[in-house]
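To keep things clear, I will list the structure first and then write my remarks on it.
Bear in mind these aren't lab numbers, they're just calculated from the coordinates by the rules spelled out. Please read all numbers here as calculations on a predicted model, not as lab measurements. Cβ: placed from backbone, ideal geometry, glycine included. Neighbour counts: every protein chain shown.
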Amino acid sequence: MPKAAVCPAINEPLEVVDVELDGPKAGEVRVRMGASGVCHSDLSVVNGTLLSPLPAVLGHEGAGVVDAIGEGVSRVKPGDHVVLSFVPQCGFCYMCTHDSPEMCETGFLAMAMGAQLDMTPRFSRDGAALHQMSALGTFSEELVCPEISTVKIDSSVPFTSAALIGCGVLTGFGAAANTADIAPGDTVAVIGCGGVGLNAIQGAKWKGAERIIAIDRFDTKLDMAKQFGATDLVNATDRDPVAQVQELTAGRGVDVSFEVIGLKDTVQQAFAMARRGGQAIIVGVPKMEQTMEIPIAMELLVNEKQVRGSWYGSSDVQRDVPRLVALYQDGTLKLDELVSRTIGLEGINDAFRSMEAGEVARSVVDYGI
Ligand code: COD
Ligand code: ZN
Ligand code: ZN
């Protein structure tokens, strides 16, 4: 019986309890978890910003070792180390075959249902089904997930660092590397330097951006942004960040801006600080009812500005996870530095508090295997 952190209902603290886990069915694998990052979207499920069926085992950013496989599984075998993808990518649906596996139709259904591809979850408690966030539920010592949610990695990568690839790194790095059109020498701005924003900075640097303007409310986050490649630091609480960016760019604005928080105000700021012909890439997800205002004549037409959403960093996980692991191994990609603290499952509620207080890039649950 694995121990897991269960979210019983919106606005309730997570409960760490023993849960039942069924074995893997056809096309599924059982993974003994090595580590799980605590991401802002886990908190968004708890506070109701992100709708996900409850009660559920939360957690969607993890890595571990395969310990059993269901019928027909060929991608991985027991003993393999894997990073888990929070979007199952089938490779066959319309979106997967149109260069958009991050929007896999098969995967989205399972995610929306908080279940496996057959729409049933494998966790239960006292006989009642428990949903699995993103078809995973990485806040559990063990889980069962679709084979297509796993990507095999080199066993030399520590689980606490590998785990972060599964959400924060793919989302942030991919927004810059895959979604945005960044050319060598460009100037970019990243609004929000949490675990995901720091990876957008790393991705922009990898694409050859020359100036990277980091924007946050906390100087502690800006100091981290500098370590990750930012060249200019803007504290948004001092003065209007758009005005500060205009001053840093001779009044022109940036080639590409990233919003990595999920607030209407900062989405508007990202759009305003993009130069004529520039791009605003929206990574954060605001509340469902939020809309954005765009002056059509001046901004869309005359200024030819683009605004583009980036879901899961437009990632193809089978292509991008091995690329990120290689960049980590050659020292280009910082992962260890993203781990601010390691905790046990019982520390998750406090990890949410420290995330909101701006104390950490990432808290990571270390299962100690
Ligand atoms: N101005 C400047 N900075 C701000 C402001 C503001 N008004 N408000 C907050 N910030 C800073 C905070 O100080 C913090 O440093 C940062 O913004 C947010 O960081 P975290 O660590 O709280 O959040 P992340 O990096 O873990 O997650 C950010 C996301 C944008 C990914 C997340 O919040 C979100 O919207 N997730 C949904 C998008 C998505 O892809 N979800 C799928 C699974 S994550
Ligand atoms: Zn996440
Ligand atoms: Zn698909």
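In this structure, the amide hydrogen of ILE343, modeled 1.01 Å from its nitrogen in the peptide plane, lies closer than 5 angstrom to those of VAL364, VAL365, ASP366, counting only residues at least 5 positions away or on a different chain.
Highest-first packing order for the peptide set 184-190, 171-177 is 171-177, 184-190, based on the mean count of other beta carbon atoms within 10 Å. So for the chain, if I pair up every lysine 8 or more residues apart or on another chain, how many of those pairs have alpha-carbons under 18 Å apart? The number of close lysine pairs in the chain is 11. Local charge for GLY23 was computed over the other residues whose Cβ lies under 13 Å away, with Lys and Arg +1 and Asp and Glu -1, and equals -3.
Taking the DSSP beta bridges with both ends in the chain, the antiparallel portion is around 55 percent. Take 262-270, 197-205 and order them by the average number of nearby Cβ atoms within 10 Å per residue, most first; the result is 197-205, 262-270.
Projected onto their three principal axes, the Cα atoms of the stretch 181-309 cover extents of 40, 33, 25 Å, largest first. If you look at the Cα atoms of the chain, you get an Rg and a Dmax of 20.0, 64 Å. Using Cβ point charges alone (K and R +1, D and E -1), the dipole size of the chain about the Cα centre works out to roughly 580 debye.
Once Rh for the stretch 262-307 is found with the Kirkwood sum over Cα pairs, what is the Stokes-Einstein diffusion coefficient at 20 °C and 1.002 mPa s, in µm²/s?
On the way: Rh = 10.8 Å.
D, rounded to a whole number, is 198 µm²/s.
Listed by Cβ neighbour count within 10 Å, with the fewest neighbours leading, GLU28, GLU356, GLU20 appear as GLU356, GLU20, GLU28. Normalising the average separation of contacting C-alpha pairs (under 8 angstrom, six or more residues apart) by the number of residues puts the relative contact order of the chain at 18 percent. Counting beta carbons within 10 Å around each of TYR328, TYR94 and listing the fewest first gives the order TYR94, TYR328. Peptide packing for 109-118, 344-353 was compared via the average number of neighbouring C-beta atoms within 10 Å per residue; ordered from the highest value, the list is 109-118, 344-353.
Please give the net charge around ALA128, taking every other residue with its beta carbon less than 15 angstrom from that of ALA128, where Lys and Arg add +1 and Asp and Glu add -1. Walk me through the intermediate numbers first.
Numbers: positive: ARG122, ARG125; negative: GLU15, ASP18, GLU20, ASP22, ASP126.
Computed value for this residue: -3.
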